[in-house]
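Here is the structure we will look at, set down as structure tokens.
Quick note: the coordinates plus some simple rules give every number you see, no bench work behind them. The structure displayed is predicted, hence computed values, not measured ones. Every residue, glycine as well, gets a Cβ built from its backbone with ideal geometry; the counts of neighbours run over all protein chains shown.
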Amino acid sequence: MKYSALENYIDGSSSPAENAIEVISPVNGEQLSTVPVSGKADLDAAVAAAATAFPAWSQLTIRERCDVFYRYRNQLQDNMDELARICHEENGKTIAESKAEVLKAIELTELACSLPNLLAGKVLEVSKGFDCSIQQEPLGVVSCITPFNFPIMVPHWTIPMALALGNTMVFKPSEQVPLSGNETAALLSQAGLPAGVFNVIHGDKSVVEGICDHPDIKAVTFVGSTPVAKIVYSRATGSYKRALAMGGAKNHLVVMPDADVAHTASNVAASACGCAGQRCMAAATLVAVGQVNHIIDEVVEASRQIVPGDNLGAVISESAKQRIEGYITEAIEQGATALLDGRDTVVEGCEEGSYVGPTVLDNVTSDMRIANEEVFGPVLSIMRTDDLQGAIEIEQTSPFGNAAVVYTQDGQVAQAFADAASAGMIGVNVGVPVPREPFGFGGWNESRFGVGDITGQGSIQFWTQSKKITSHWVSE
């Protein structure tokens, strides 16, 4: 075992749980550690610690709280190499992709550091002698539940903003990638975050259910698959707490005949295969409009340059590899054409790792399962249509709504597509249209359950409640 056994992090110190499971690296099959499988008593202890810490933390000024995150931002920068190595080992993505996660975490932390400016109060004399003002107040104990695919970035969608706004937190990372969560706790402590403000509770779905049900947790965010997002959102709101649950996606990239060939090819391939396709903003379906075979040929060639074990990381587990390859096999049996087949990939020196090579499937039709379900691997399906309207109809029929992209050099076409697409994040010649801060991340339809974006300025409303004050001073 490469690392010592993990423990929960409660009230500023390690706290063991009764049971544990192995943490296996998808890179080479090595056991990295063990992670606790926490029970109700562990969760209750974490919530109690957060509740005890809330009064003192929330009563600090916003500038005092943000001072912690100024220091934490520098901790992330100084420890980038170590954090990226851990992310690579537990998730399987490349070191370069892992460093990009840390950079995004820094960007998200910097937005939280700007809260003293973003929260400047508003005062208005509404009638003679009467002033109205508004201020944002924290909720109390909150929780975020995060997935395996971005063990550093996705937690930072919520941690800096929720804490800097005065809440205290119980954080539940995926049991498949738990090491980064404990590293986050350690760096926050070194930055001066008081004990109890941030607590890490490890475990399986029973901990998630406990978080949704706990009466002292006021708000929950979740990121994961759509089926689980629905359950979490329903269960959390059924317990009368705020909830925002981000689900899966089936993103469509529309390629018009006038698209720039070289840019489109490299961009589509990177979108489909980046992070081994394990991201909810990945290219899932290339919608080929008219005569674009010359572009598709270059997409295939660009995908060939993405090599497992080199610039393509592992998928999260052997079971994930088998599931992804099952989608590919089924699609081919149903009539799809494999222009590039990444099944049965083995990386020399990492024979026990879980790798799927870049895969491009042509002639995919709407009745195939691969056209409608999230594969979550480096697999690009190609569907064909005669015109832009046909492409829009294909995109609009998807139940998901994270991203939709068009490749064109025609501004009118780009605007028409952006207006019609049923997705929360639109790309024009941008294969992964994740907004930079302060623009928020948030999809539509079955890619999001709840109101608002999980990042950006809009997230302030989720993590706070507004207090309106009307004043009238009577002079003698």
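For this structure, a couple of remarks:
- Considering only 365, 281, 269, and ranking their Cα positions along the charge dipole of segment 251-428 that arises from unit charges at the beta-carbon of Lys, Arg, Asp and Glu, the one farthest toward the positive end is 281.
- Other residues within the sphere of radius under 11 Å centred on the Cβ of residue 309, judged by their own Cβ, net out at -3 (K and R +1, D and E -1).
- Where GluC sites (Glu not before Pro) fall in DSSP loop in segment 323-392, at most 15 other Cβ within 10 Å: 348, 351, 352, 373
- Taking the centroid of alpha carbons for each part, segment 346-407 and segment 14-37 are 33 Å apart.
- Grouping the Cα pair distances of segment 48-89 into 10 Å bins from zero gives a pair-distance distribution of 24, 31, 28, 16 percent in increasing distance order.
- Simple spin-label estimate for residue 74 and residue 261 in nanometres, 7 Å along Cα-Cβ: 5.2 nm
- Listed by Cβ neighbour count within 10 Å, with the fewest neighbours leading, 205, 172 appear as 205, 172.
- Over 12 Å [Cα-Cα, segment 87-131], rounded percent: 72 percent
- Convex hull of Cα atoms in segment 163-281, direction-averaged projection (nm²): 10.3 nm²
- Per-selection metrics, segment 192-342 (Cα): Rg and Dmax in Å: 20.5, 61
- Distance-filtered residues of segment 441-476 - backbone nitrogen under 16 Å, label point 7 angstrom along residue 130 Cα→Cβ: 468-475
- Put a plus charge on the Cβ of each Lys and Arg, a minus charge on the Cβ of each Asp and Glu, and nothing anywhere else: the dipole of the chain about its Cα centre is then about 1600 debye.
- Spin-label proximity, residue 472 to segment 109-134 - amide N less than 20 Å from point 7 Å beyond Cα toward beta carbon: 123-134
- Evaluated at q = 0.15, 0.20 Å⁻¹, the base-10 log of the normalised Debye intensity for segment 296-450, with identical point scatterers placed on the Cα atoms, takes the values -0.94, -1.39.
- For the chain, projected area of the alpha-carbon convex hull averaged over all directions, nm²: 24.6 nm²
- Alpha-carbon centroids, segment 229-302 and segment 64-81: separation in whole Å: 32 Å
- 323, 279, 384 arranged by Cβ crowding within 10 Å, fewest neighbours leading: 323, 384, 279
- Projecting the Cα atoms of 123, 76, 91 onto the dipole axis of the chain, where Lys and Arg carry +1 and Asp and Glu carry -1 at the beta carbon, places 123 farthest toward the positive end.
- Size of charge dipole - segment 311-416 - debye, nearest 20, with Cβ of Lys, Arg +1 and Asp, Glu -1, no other charges: 140 debye
- Value in Å of the Kirkwood radius, where segment 157-214 supplies the Cα pairs that are averaged: 12.1 Å
- Placing a label point 7 Å from the Cα of residue 293 along the Cα-to-Cβ direction, the residues of segment 363-399 whose backbone N falls under 18 Å of that point are 363-364, 382-387.
- Dividing the summed helix terms, -39500 (n - 2.57) for each DSSP H run of n ≥ 4, by the number of residues in the chain produces a 222 nm estimate of -11500 deg cm²/dmol to the nearest 500.
- Working note: Debye formula, equal point scatterers on the alpha-carbon atoms of segment 1-108, no solvent; log10 I(q)/I(0) at q = 0.10, 0.15 Å⁻¹ is -0.43, -0.91.
- Compactness index (Cα Rg / 2.2 N^0.38 Å), segment 312-404: 1.18
- Placing one equal scatterer on every Cα of segment 369-476 and applying the Debye formula, the log10 ratio I(q)/I(0) at q = 0.15, 0.19 Å⁻¹ is -0.76, -1.09.
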